[in-house]
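K.L.:
Okay, here's the structure, questions in a sec.
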Amino acid sequence: MTDPNDPNHAAVLPHLAVIGAGPAGLAATVAAASRGVRVTLLDSAAQEGGQFYRQPAAELRARRPQALHHEWRTWERLRNGLRTHVDAGAVRHLTDHHVWLVERGSEGFTVHALLGPEQEEPVEVRADAVLLATGGYEKVLPFPGWTLPGVVTAGGAQAMLKGALAVSGRTAVVAGTGPLLLPVATGLAAAGVEVAALVESADPKAFAGRTGALAAQPGKLAEGAGYAARLLRHRVKVLARHTVVEAHGTERLEAVTVAALDGDGRVRHGRERRIACDTLAVGHGMLPHTDLAGTLGCRLDGLAVYVDEEQRTDVPGVWAAGETTGIGGSALSLAEGHIAGRSAAARLRGTEPDPRAWAAAAKVRDRLRAFFAALDSVYAPPAHWTEQVTDDTVVCRCEEVTGGAVRQAVAELGAGDLRTVKLLTRAGMGWCQGRVCAPAVAGLAGCELTPSRRPFARPVPLGVLARAGEPESD
Amino acid sequence: MRSPVELADAQPGPAFTVTLDGREIEALPSQTVAAALWAAGVTSWRGTRGEGRPRGVFCGIGVCFDCLVTVNDRPNQRACLVPLHPGDAIRTQEGTGHHD
């Protein structure tokens, strides 16, 4: 195999490192490799696909993985495109590579990764340019009992189902808000789990006021209708404008209490009902992974990486595509990845790209961005969700910091931002580095959710850190 | 009842044995610690540092670190990421996993 860091080989073609092998990273890889650029694709998983197209482990030998998926033909096209370029030597696909830092130097970029699953052995890849397709992760707001085993994120339930063909119990409630809840509920039901209820806090009437952007995507509306039919077939009860107010159990989840919401997004007391379940799959939307971009100095636009029309960040040589630039689903990620890959290929070869060449993808991108902006205003957690967070509810799961402790830091000690709350309470200081609790702490503190600066995207052994950047001794 | 394995028509190789706190459980080739434990009906395998509360899978994709577990005497492994091999010894992790 050719060594991508071999200067003789590197001199032949410009080299692009794509980080993330989900829809955006795969589309970018295929687009760039088709246009005279050598690509190294790095991803933490054992197989390409990311979260949306997460595949069952190869050794499980699933003969019908498409039963777990949507848009399967698109996936086959992507996967075959990747294989063709890998076979031709234009793409090197590095699986089980957990990227923790991308460094910009005078002669290009160094991508630092840890080999999984142990994540102790370091790997460095040098490249002329970098394309960040790091995806997103799920936002979950706290409520009493949400730390009980059996309470999982909606995306987590789906990941365990798609990747490991595993479910955590027999009876599930799917709850929260957002378009992800539909495939999670229908997916669990198809896999034999009794889905006792789909609890969505959004008001279906809110869709009516936004018909413009929504109706501009007939395919998406048909997709929604398809889910509705599947929910009906599996006899899943849909409770709209409802929320889970508490999860019950001692050593594990035994039941949840759900309640209706009033027009202001407050729980209607006296109207609660208890549903027995051993699994609660809950989610309140998605957040972009922006750690690598942040350390590179890329400008963020709110919580997402800023990109221009070509998907370039404001750091020369760094492109970004997919959920890291804003949450919008797999079709948007594909369009952005395609544009980013073409732009990067053209510029790495010293030519000015012609945006007319990707006009179709740009049109899809514009439409889907408008569509998801409209969805975002419909799918919202209950306006007064913080009222359900009792003082003894754990908010920071890692450091076991309660809602009461956060409130005390705010009311009595004057904390007004995430960083000050962290310094006073340890909320956000644990293993996950505030990825899970930040939205909750921001809500309780009444401050804006701002992206955290995390120099490294994942925990790094000190020995690796000490040796990073040293010349290799072989 | 239909299972995910049936839904995806999976034909995995033969199951092998691993242990959870000394008790034998079955795992399928390449199955993660979390998946094997779920299949064995186990949903918690960690006690938190502060209150000793039970925890298991939460995010399922390696972000939240809630599913930390000790595998072959190495503490703080993410059960949702680490695949099992025949004979692996999984142990419930109490606290930091470094003082037992």
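The values are calculated or read from the model by the stated rules, or taken from the named source; none is laboratory data. All of these numbers come straight from a predicted model, not from anything done at the bench. So basically every Cβ, Gly included, is an ideal-geometry build from the backbone, and we count neighbours across all protein chains shown.
K.L.:
Would you mind finding the one in A:T177, A:T147 that is modelled with pLDDT of 95 or more, at the interface with chain B (Cβ under 9 Å from one of its Cβ atoms) and under 24 Å from A:L261 (Cα atoms)?
P.N.:
A:T147
K.L.:
Is it the case, given these coordinates, that A:L141 is in contact with a helix residue (DSSP H, G or I) (Cβ under 9 Å, 6 or more places away or on another chain), within 14 Å of chain B (Cβ to nearest Cβ) and in a loop (DSSP other than H, G, I, E, B)?
P.N.:
Working: in contact with a helix residue (DSSP H, G or I) (Cβ under 9 Å, 6 or more places away or on another chain): yes; within 14 Å of chain B (Cβ to nearest Cβ): yes; in a loop (DSSP other than H, G, I, E, B): yes.
Yes, satisfied.
K.L.:
Condition first: over 30 Å from A:L94 (Cβ atoms) and within 13 Å of another protein chain (Cβ to nearest Cβ). Now tell me which residues in the stretch A:150-173 satisfy that.
P.N.:
A:G150, A:V151, A:V167, A:S168, A:G169, A:R170, A:T171, A:A172
K.L.:
Here's a follow-up. Pairs, please: C-beta under 8 Å, at least 6 apart or cross-chain, first residue more than 7 Å from chain B (Cβ to nearest Cβ) and in the stretch A:61-73, second hydrophobic (A, V, I, L, M, F, W, C)?
P.N.:
Listed pairs, sorted by first residue: A:Q66/A:W72; A:H69/A:W75; A:E71/A:A331.
K.L.:
Looking only at the stretch A:379-393, decide whether some residue is closer than 30 Å to A:L296 by Cα, within 14 Å of chain B (Cβ to nearest Cβ) and not in a helix (DSSP H, G or I).
P.N.:
No, the stretch A:379-393 has no match at all.
K.L.:
Search the stretch A:427-440 for residues that are closer than 18 Å to A:F143 by Cβ and at the interface with chain B (Cβ under 10 Å from one of its Cβ atoms) and pair each with any residue that is of a type in the set (V, I, T) and buried (at least 24 other Cβ atoms within 10 Å of the Cβ) when their beta-carbon atoms are under 6 Å apart and the residues are at least 6 apart or on different chains.
P.N.:
A:C437/A:V395
K.L.:
Which one of these is of a type in the set (A, V, I, L, M, F, W, C), crowded, with 19+ Cβ neighbours inside 10 Å and either part of a helix (DSSP H, G or I) or within 14 Å of chain B (Cβ to nearest Cβ) (or both): A:L182, A:L198?
P.N.:
A:L182
K.L.:
OK, next. Regarding the stretch A:118-138, can at least one residue be identified that is within 14 Å of another protein chain (Cβ to nearest Cβ), of a type in the set (A, V, I, L, M, F, W, C), in contact (Cβ under 8 Å) with a residue 12 or more places away in the chain and surrounded by fewer than 23 Cβ atoms within 10 Å (Cβ to Cβ)?
P.N.:
The answer is no, given that none of the residues of the stretch A:118-138 is within 14 Å of another protein chain (Cβ to nearest Cβ), of a type in the set (A, V, I, L, M, F, W, C), in contact (Cβ under 8 Å) with a residue 12 or more places away in the chain and surrounded by fewer than 23 Cβ atoms within 10 Å (Cβ to Cβ).
K.L.:
Also, quick follow-up: Mind listing just one residue for me: the one in the stretch B:17-64 that is of a type in the set (D, E, K, R), more than 7 Å from every other protein chain (Cβ to nearest Cβ) and surrounded by fewer than 18 Cβ atoms within 10 Å (Cβ to Cβ) and, of those, nearest to A:G50 (Cα to Cα)?
P.N.:
Among those that are of a type in the set (D, E, K, R), more than 7 Å from every other protein chain (Cβ to nearest Cβ) and surrounded by fewer than 18 Cβ atoms within 10 Å (Cβ to Cβ), it is B:E26.
K.L.:
Residues in the stretch B:65-100 that are surrounded by 19 or more Cβ atoms within 10 Å (Cβ to Cβ), among the polar types (S, T, N, Q) and more than 16 Å from A:G430 (Cβ to Cβ): how many?
P.N.:
2
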